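These notes concern the structure reproduced below.
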Amino acid sequence: MKIVIVYGNGRRGSTYNCVQIIKRTIEQYGDVRFEEIWLPKDLPELCCGCFNCILRGEQFCPHSDYVSPIVSSIIEADGIIMASPAYGLDVSGAMKTLIDHLCFMWMPHRPHNEMFSKVGFVVSTAAGSGMKRVNKTMKLALNYMGFKRIYDFGSAVAASRWEDVKESKKLTIEKRLIKKSQKYYQSLVNRKKLKSRLSTKVIFRAMRTMISGYQDGNIDKEYWKSMGWFNNTKPV
Ligand SMILES: Cc1cc2nc3c(=O)[nH]c(=O)nc-3n(C[C@H](O)[C@H](O)[C@H](O)COP(=O)(O)O)c2cc1C
């Protein structure tokens with residue numbers, strides 16, 4: 001099993017340490033390979049809004065040398081863990097930059113077939129508040145890519161450094177994370193058998209109606225046609 005971890009900042013701080021608890025828990029259950037993506041190092045460019053990925057093809061993104069390996073890693077993986085601290089009550093700018101670069105593969109454009117059987121886990125920490133919003137932003141991105149299940153974990157740590165987080169708090173975090181990680185692992189193992197969520201079906205159908213109305217030759221319409229999605233074929 002392969003899991004891609006995306007760290008939304010370069011610190012080995014509280015968010016990173018939460019992810020390590022998930023890794024340790026999952027490793028106990030089976031043969032898991034983790035691949036780590038560190039932001040902003042692995043995607044140091046902001047989306048410039050050129051629309052190339054959406055209107056011409058993702059290979060025309062000026063940052064495709066960074067984006068393409070990340071996309072391939074996610075496609076090859078069974079699941080993803082997205083981790084970000086709260087910055088200004090939302091995800092880090094680096095995490096948002098990745099989300100922006102992946103919009104071309106959201107359901108309103110060209111979602112990848114493989115994404116519909118993947119399981120995500122979003123993780124955030126904040127000094128006091130903002131974890132819910134951070135997780136919502138990351139969850140939305142995975143939802144719109146078609147992910148089958150998404151787990152979340154957020155905790156206020158009342159500290160700027162993991163070393164300063166109270167031991168009692170660390171214990172509570174560990175307990176909660178172990179439980180969530182077990183559920184996450186079970187979903188990963190059964191991911192192909194899990195039923196699609198109603199919300200995914202609703203968005204997919206709405207997008208099918210919208211995109212079928214586009215002019216022939218439109219890149220999104222031709223993609224959906226090539227996937228057979230206008231002829232009752234559904235994503236896996
Ligand atoms: C630029 C910046 C903005 C922040 N904004 C918030 C915030 O909106 N709410 C909050 O509770 N903590 C905020 N924090 C604190 C961090 O979210 C918190 O300390 C987090 O646990 C740090 O994670 P890390 O150790 O993984 O880097 C902010 C920190 C930074 C550096």
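Taking interchain pairs and intrachain pairs at least six residues apart, which have beta carbon atoms under 9 angstrom, with the first residue in the stretch 65-93 and buried (at least 16 other Cβ atoms within 10 Å of the Cβ) and the second β-branched (Val, Ile, Thr) and part of a loop (DSSP other than H, G, I, E, B)?
Taking only residues 6 or more apart or on different chains, the pairs are Asp78/Val32; Met82/Val91; Ser84/Val91; Pro85/Val91.
How many of the residues making up the stretch 201-228 are under 23 Å from the mean Cα position of the chain (by Cα) and in a loop (DSSP other than H, G, I, E, B)?
The number of residues fulfilling the criteria is 1.
For the list (1) within 16 Å of the ligand (Cβ to nearest atom); (2) of a type in the set (D, E, K, R); (3) buried (at least 16 other Cβ atoms within 10 Å of the Cβ), I need the number of the one condition that Lys132 fails.
Tallying (1) within 16 Å of the ligand (Cβ to nearest atom); (2) of a type in the set (D, E, K, R); (3) buried (at least 16 other Cβ atoms within 10 Å of the Cβ), Lys132 fails exactly one: (3).
If I go through the stretch 166-191 residue by residue, how many of them are over 30 Å from Tyr144 (Cβ atoms) and either of a type outside the set (Val, Ile, Thr) or more than 16 Å from the ligand (Cβ to nearest atom) (or both)?
Matching residues across the stretch 166-191 total 8.
Of the conditions (1) part of a helix (DSSP H, G or I); (2) away from the ligand (no atom under 16 Å from the Cβ), Glu163 fails just one. Which one is it?
Answer for Glu163: the failing condition is (2).
Going by the conditions given, is Val134 β-branched (Val, Ile, Thr), within 20 Å of Val6 (Cβ to Cβ) and assigned to a helix (DSSP H, G or I)?
Yes: the conditions hold for Val134.
Quick check: anything in the stretch 192-211 over 26 Å from Gly30 (Cβ atoms) and within 16 Å of the ligand (Cβ to nearest atom)?
no
Just wondering, is there one or more residues in the stretch 164-176 that are over 20 Å from Val122 (Cα atoms) and either among the hydroxyl-bearing types (Ser, Thr, Tyr) or crowded, with 18+ Cβ neighbours inside 10 Å (or both)?
yes
Among the residues of the stretch 178-200, how many are surrounded by fewer than 16 Cβ atoms within 10 Å (Cβ to Cβ), of a type in the set (Lys, Arg), part of a loop (DSSP other than H, G, I, E, B) and touching a residue at least 12 places away in the same chain (Cβ under 8 Å)?
Number satisfying all stated conditions: 2.
How many residues are more than 9 Å from the ligand (Cβ to nearest atom) and either surrounded by fewer than 18 Cβ atoms within 10 Å (Cβ to Cβ) or among the acidic types (Asp, Glu) (or both) when one looks only at the stretch 145-160?
1
Does the stretch 7-30 contain at least one residue that is of a type in the set (Asp, Glu) and over 27 Å from Val157 (Cβ atoms)?
There is no residue in the stretch 7-30 that is of a type in the set (Asp, Glu) and over 27 Å from Val157 (Cβ atoms).
Over 29 Å from Ala206 (Cβ atoms) and either at pLDDT 95 or above or among the hydroxyl-bearing types (Ser, Thr, Tyr) (or both): does that describe Val157?
yes
The values are calculated or read from the model by the stated rules, or taken from the named source; none is laboratory data. Remember, it's a predicted structure, so these values are computed and weren't measured experimentally. In this analysis, Cβ positions are derived from the backbone assuming ideal geometry, glycine residues included, and neighbour counts consider all displayed protein chains.
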